[in-house]
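Below: the structure, in structure tokens.
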Amino acid sequence: MELPESLQKWSDEELRALNHAIVDHLKQRRAVQARMEMTRFQRGCKVEFWSSEGDLIEGTVIKFNKKTVSVLTEEGTQWNVSPSLLTRTAGDIPPAQEQEVIDFDE
């Protein structure tokens, strides 16, 4: 990739500062994306994912970390998994959420 002409005039220090700003921006974007992906899950919901060895792992969401979701298997193993790799299991019923009931007869 060729640099635009305007960047070719920048000093090394200016280019390093630009690089740091871009890297910080990309980190923030990934963090926001991870948080958005985490909203698909709640504590207690049943999930599954494929391990790096190719095994299907099933477990329960127990905790939300900065970038990962902690999943506990029935065998007692805890995994920290990227939310993008998690899928709700077919039998998972989302926890009931408290909702205000509106009486239309009033």
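Using 1/(1 + (r/R0)^6) with R0 = 41 angstrom and r between the beta carbons of Glu13 and Asp55, what's the FRET efficiency to the nearest 0.05?
It comes out at approximately 0.25.
Quick one: compute the contact order of the chain, relative version, from alpha carbon pairs under 8 angstrom and 6+ residues apart, as a percent.
Relative contact order, the chain: 21 percent.
So for each of 65-74, 12-21, 44-53 I average, over its residues, the number of other beta carbons within 10 Å; can you give me the resulting order with the highest mean first?
My ranking of the peptides, most packed first, is 65-74, 44-53, 12-21.
Which value in deg cm²/dmol, rounded to the nearest 500, describes the helix-derived mean residue ellipticity at 222 nm for the chain, given -39,500 (n - 2.57) per DSSP H run of n ≥ 4 and division by the residue count?
One gets -9500 deg cm²/dmol as the mean residue ellipticity at 222 nm.
How much length is gained on full extension from Lys63 to Gln33, taking 0.36 nm per residue of separation minus their Cα-Cα distance?
Roughly 9.0 nm would be gained on extension.
Classify the range 41-89: rounded, prolate or oblate, from the alpha-carbon gyration tensor (a ≥ b ≥ c, eigenvalue square roots; a/c under 1.5 rounded; otherwise prolate if a/b is larger than b/c)?
Rounded, because the longest to shortest axis ratio a/c is under 1.5.
How tilted is helix 12-38 with respect to the longest principal axis of the chain? Cα atoms for both, answer in degrees (0 to 90, nearest 10).
Between helix and principal axis, roughly 10 degrees.
Taking the Kirkwood radius as the inverse of the mean 1/r across Cα pairs, report the Rg/Rh of the range 9-88.
My calculation puts Rg/Rh at 1.22.
Please give the contour-minus-distance gain from Leu26 to Ser70: 0.36 nm per residue of separation, less the Cα-Cα distance, rounded to one decimal in nm.
Going from the current span to full extension adds 13.5 nm.
Every number in this text was worked out from the coordinates using simple rules, so none of it is lab data. Just so it is clear, the model here is predicted, and its values are computed rather than measured. Backbone-built Cβ (ideal geometry, glycine too); neighbour counts: all protein chains shown.
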